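First the structure, in the form of structure tokens, and then the observations on it.
The values are calculated or read from the model by the stated rules, or taken from the named source; none is laboratory data. Given the structure is predicted, the values throughout are model-derived calculations rather than measurements. Because the Cβ atoms are built from the backbone with ideal geometry, glycine has one as well, and the counts that use them run over all protein chains shown. Side chains are part of the model used for accessible areas, which takes the heavy atoms of the whole protein and leaves out ligands, DNA and RNA. Shrake-Rupley method; radii C 1.70, N 1.55, O 1.52, S 1.80 Å.
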Amino acid sequence: MRLLACQSEPVESAAEHIPVLLAEVLDSLLQSPSGVYVDATFGRGGHTRALLQRLDGTARLVAMDRDPQAVAAGRGLAAEDPRLLIRHASFAQLREVLAALGISLVEGVLMDLGVSSPQLDDPTRGFSFRASGPLDMRMDTTAGATAAEWLNSAAEEDIARVIFEHGEERFARRIARRIVAGRPLRTTAQLAELVQAAVPARFHGGKHPATKTFQAVRIHINQEDQQLRLGLQAAFAALAVHGRLAVITFHSLEDRVVKQTFRDLSRPPQLPRRVPVRESQRQAPGRLVGGPRTPGAAEIEANPAARS
């Protein structure tokens, strides 16, 4: 959990899925057992279930996800617990979701970024190269172009740019060239083989050479960078006084966006020099709470997904 912000006061199956940084989320996010909280990335509900156990009977928990399969799992849980409200939406749509529910402010928002374990483990979703499946990669399978559709139609320079910017891949141009030469692509295995052939063997190292390319294509297909920036702003704007926003990040690109956004939100506004202003106008909109939280050795051993 990279950073935790607090707004300033003005003058797989659920049984199999192990949520990351669960203790840190509960201890940091929950300031009161009542009120309204938001799990903006329901996944399979690991964090949501734990939050519900800590909340009292008057509280409400709004859970959101872009993935229709995650929403279906959430509806099953909501049928058992009337405090839970599940919605099919991106966290970038948080304001609209809350407005439709008649909610103006919330006590806390959790955003657990990246791909969930059930999405990675399902070959039909196309997120992983561990097993061959259709080259889809969409978080929301009801909308947008698939990874195959984009890779089979995009210009070589655009593919190279995406792989370099979103994957920080030094061999982006070589990989893009191989992809264009090998079109049409239909499966994750095809893409992984092309990338492996493009990356020199001496640079394969411990990770599969296609790791960065799969990450980059996934980020582009789902517009994760734009969605994250919009989601952070929407979540912070929804916080009540002393409300908290907690974000779990898994790679350097999204971590950088979160860190910069939180830093900006915790700084006083830039005002003209020598212009008289009220003290309230000089206050930062939020403040950082503590430093970054990372999983301990015991959690990483029990849940390898937490190592990032």
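Are any residues in the range 176-188 in a helix (DSSP H, G or I) and more than 16 Å from MET137 (Cβ to Cβ), and if so, which ones? Even if it seems obvious, please write down each step before you answer.
Going residue by residue through the range 176-188, those that are in a helix (DSSP H, G or I) are 176-181, 188.
Matches in the range 176-188: ALA176, ARG177, ARG178, VAL180, ALA181.
For ALA160, state whether it is within 19 Å of the chain's Cα centre (by Cα), at pLDDT 95 or above and either under 30 Å from GLN93 (Cα atoms) or part of a helix (DSSP H, G or I) (or both). Considered against the rule, which asks whether it is within 19 Å of the chain's Cα centre (by Cα), at pLDDT 95 or above and either under 30 Å from GLN93 (Cα atoms) or part of a helix (DSSP H, G or I) (or both), ALA160 comes out as no.
So that you can scan it fast, the table gives a plain yes or no per residue for (1) closer than 21 Å to THR142 by Cβ; (2) open to solvent by less than 10 Å² (accessible area, probe 1.4 Å):
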| site | (1), (2) |
| --- | --- |
| PHE42 | yes, yes |
| GLY46 | no, no |
| ARG49 | no, no |
| LEU61 | no, yes |
| ALA73 | yes, no |
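Of the residues that make up the range 159-173, is at least one open to solvent by 30 Å² or more (accessible area, probe 1.4 Å) and either closer than 17 Å to THR188 by Cβ or among the small types (Gly, Ala, Ser) (or both)? Even if it seems obvious, please write down each step before you answer.
So in the range 159-173, the residues open to solvent by 30 Å² or more (accessible area, probe 1.4 Å) come out as 161, 164-165, 168, 170, 173.
Cutting the leftovers down to either closer than 17 Å to THR188 by Cβ or among the small types (Gly, Ala, Ser) (or both) gives us none.
No, the conditions are met nowhere in the range 159-173.
For the range 250-267, the candidate set comprises residues that are assigned to a loop (DSSP other than H, G, I, E, B) and over 18 Å from ALA306 (Cα atoms); within that set, the residue that is nearest to the chain's Cα centre (by Cα) is SER266. For VAL38, the requirement of being part of a strand (DSSP E or B), open to solvent by less than 10 Å² (accessible area, probe 1.4 Å) and modelled with pLDDT of 95 or more is met. The set of residues in the range 194-222 being more than 18 Å from the chain's Cα centre (by Cα), surrounded by fewer than 21 Cβ atoms within 10 Å (Cβ to Cβ) and not in a loop (DSSP other than H, G, I, E, B) consists of GLN196, ALA197, ALA201, ARG202, PHE203. Set side by side, the residues LEU120, LEU101 differ, and just one is farther than 30 Å from THR211 by Cβ, surrounded by fewer than 21 Cβ atoms within 10 Å (Cβ to Cβ) and not small (Gly, Ala, Ser), which is LEU101.
Only one entry in GLU107, GLU149 is outside any loop (DSSP other than H, G, I, E, B) and either out of contact with any Phe, Trp or Tyr (no Cβ under 8 Å at 6 or more places or on another chain) or open to solvent by 70 Å² or more (accessible area, probe 1.4 Å) (or both), namely GLU149.
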